[in-house]
Structure formats: C-alpha cells, structure tokens
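Comments concern the structure below.
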Amino acid sequence: MLLKEIKTIFHKELDTIYSNGEVSSFFHLLIEEFLGLERFILAFQPNYVISKEDEQPLFEALSQLRLQRPIQYIIGKTCFMDLDFMVSEGVLIPRPETEELVQWVLEGKDENEERNILDIGTGSGCIAISLAKNMKNARVHALDVSEEALAIARKNAKINKVAVSFIQGDILTLDSLGLKFDLIVSNPPYVRESEKSVMQKNVLEHEPDSALFVPDETPLVFYEAIVAFAQRNLSEKGELFLEINQNLGKETSQLLETYNFLEIELRKDIFGNDRMLKGIVSR
C-alpha cells in the first residue's frame, strides 16, 4: 500500500478527534518508530510503498488513537529535556510545564557542584534523571509509592546512563530518609476531583489517577506533607521547588510561609498559569 494512502486514512479517521497538525505529528512519530522512516519521506518519495507486514503496526496504532490512547503510551516513550524516557500507563506522561520546573532548578547552578537532591513522587523518573544528567556531581535520590513506577524509572536511569538512588515510600507517612538534602523537588498529584470535567479524555481514561487527582476537601494534602518533610530534612538554606495547581498558587505559597520558608517565589508557565513555586528553608 502507498504510505501516502495510509496518511490519508489517518486524517479521515482522526481529524474529527484531534487537530490536523496533531494527526500529522502522530503519523510521523509512528512511521519513525515502527518503520524507521524520516518524517519527510513523502516529500522526497511520494509513491513510497510499504508491505502488508509494515502496515499492521500503523493500523493497530490508529485503532488505539481512535480510543484516544496517548501516542506516548502507544510508542512506549516520550522526550523530556532532550532525553528519551520509557512510559506506560503506570506513570504520568511528562509535560512541558515540568520541563520548565527542571530548568528553573538548574538556573544558576554549577553543574559540577556536589549536592544531595531528592525528587518526591518521581513517576517515570524524568525530573530526577534530568537533574542527574545536568548536575554531574549531584547525589540524586527519587521517591515514589508505586513499585511499578519505580521499575520504569530505574530503566529510564539505565537508558540515560545516570546514577539515581530509587526509594519506595509514601510521603504522606514518611518522616525521614536519614539524610539531609540541599534541594528537594516535587510534582505531586494536584488536580482536584472537581476539575475532571475540564480534562481531556485521553488523560482521564489512560493516565494513572493516583498521579493526578486529590480530593476537593484536601487539595494540598501532598504539599502539606512535602513542605513539612522539607522543613525537617533540608539542610540550612536548602531549596524546595514545586509544581503546583494553577488555581491554588496563593494557597500553596501561604503553606510555605506557614512553615517559615523564605524568598518564596511563584512563577508562571509558558501558558501564563501559576505553575511553579520555590522557597528557601529557614529555622
């Protein structure tokens, strides 16, 4: 079958669900992943033909896209901070906003400085691994309650050739890890249950609820635990970085004030939403 005919089928089947640009992007990602073809193949070889065997994974992926399964789960990986990460339904798909958080952490840092770093709720390991890659002498630790997530994170650390110490534990009950940290970072669950109505189907039906949602009655439950843990376990002048719910910037900032953090800074993401928070521990 002609490859361009398959592309036409993708648009016919999916353009009512996704934007035209998204469908083209999906198609190019799939032919690169499954067939090893560059995205510009049809520009140079408009009559490129693929075999029946090579058609199969493309049409299987099309069926999954119709059901709005995320493309990252279909191909089993995604890109974050210019690094490749394995992903599956057991972990949240890394977002561009989280890249901004990592870039903020790295701002003004000496890549050769020795630091003890903890990533709380590591998921795929994207934050911890990116920091380990960019801070060569840092001792990076990563905590998650899910053993499934930690198994994926360990594979991602191996893929990206960095050393990260992975720890299974629940931040809601954890008092200490027996270490003092110079920097703690976290992107915990922060979407309120009532906010599900404005979320896309591909997120609601495929990404793990435990990594996304919190009760409306206690939307800062993870932040309260993380900030209290950071107050106890950060070294003097240690830094805390958080990704936050855009609608709870004021409330989350006040939480840091309650625990005597200094130099509290709230930053917006590329979409203009309150998304990141930083504080310096003080005792």
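The values are calculated or read from the model by the stated rules, or taken from the named source; none is laboratory data. Just so we're clear, the structure is a prediction, and the values are computed from it rather than from any experiment. Cβ placement follows ideal geometry from the backbone for every residue including glycine, while neighbour counts extend to all protein chains displayed. Remember, those area values only see protein heavy atoms, side chains included, never the ligands or the DNA or RNA. Shrake-Rupley method; radii C 1.70, N 1.55, O 1.52, S 1.80 Å.
Things to note:
- The selection criterion, being polar (S, T, N, Q) and part of a loop (DSSP other than H, G, I, E, B), holds for S282.
- Qualifying residues in the stretch 99-145 (those that are touching a helix residue (DSSP H, G or I) at 6+ places or on another chain (Cβ under 7 Å) and over 28 Å from D175 (Cβ atoms)) - the one most open to solvent (accessible area, probe 1.4 Å): E111
- Residues being touching a residue at least 12 places away in the same chain (Cβ under 8 Å), touching a strand residue (DSSP E or B) at 6+ places or on another chain (Cβ under 7 Å), farther than 18 Å from L177 by Cα and assigned to a helix (DSSP H, G or I) - total across the stretch 224-265: 5
- Restricting the stretch 171-220 to residues that are open to solvent by 70 Å² or more (accessible area, probe 1.4 Å) and of a type in the set (D, E, K, R), the residue that is nearest to N233 (Cα to Cα) is K180.
- Residue within the stretch 221-238 that is on the phi > 0 side of the Ramachandran plot and open to solvent by 40 Å² or more (accessible area, probe 1.4 Å) present: yes
- Residue satisfying all of: in the stretch 16-34; loosely packed, with under 13 Cβ neighbours inside 10 Å and small (G, A, S); nearest to E5 (Cα to Cα) among these: G21
- Restricting attention to the stretch 250-281 and to residues that are touching an Asp or Glu at 6+ places or on another chain (Cβ under 8 Å) and β-branched (V, I, T), the residue that is most open to solvent (accessible area, probe 1.4 Å) turns out to be I270.
- Options I117, I129; residue that is within 21 Å of the chain's Cα centre (by Cα) and in contact (Cβ under 8 Å) with a residue 60 or more places away in the chain: I117
- Among the residues making up the stretch 174-232, those that are within 20 Å of G125 (Cβ to Cβ) and of a type in the set (S, T, Y) are S186, Y190, S210.
- Residue match in the stretch 65-86 (condition: touching a Cys at 6+ places or on another chain (Cβ under 9 Å), β-branched (V, I, T) and surrounded by 17 or more Cβ atoms within 10 Å (Cβ to Cβ)): yes
- In the stretch 1-14, the residues that are modelled with pLDDT of 95 or more and open to solvent by 60 Å² or more (accessible area, probe 1.4 Å): K4, E5, T8, K12, E13
- Residue selected from the stretch 35-64 under the condition among the hydroxyl-bearing types (S, T, Y) and exposed (fewer than 13 other Cβ atoms within 10 Å of the Cβ), by the criterion nearest to E5 (Cα to Cα): S51
- Every test in (1) farther than 26 Å from F85 by Cα; (2) among the hydrophobic types (A, V, I, L, M, F, W, C); (3) within 17 Å of the chain's Cα centre (by Cα) is passed by V198 save one, and that test is (3).
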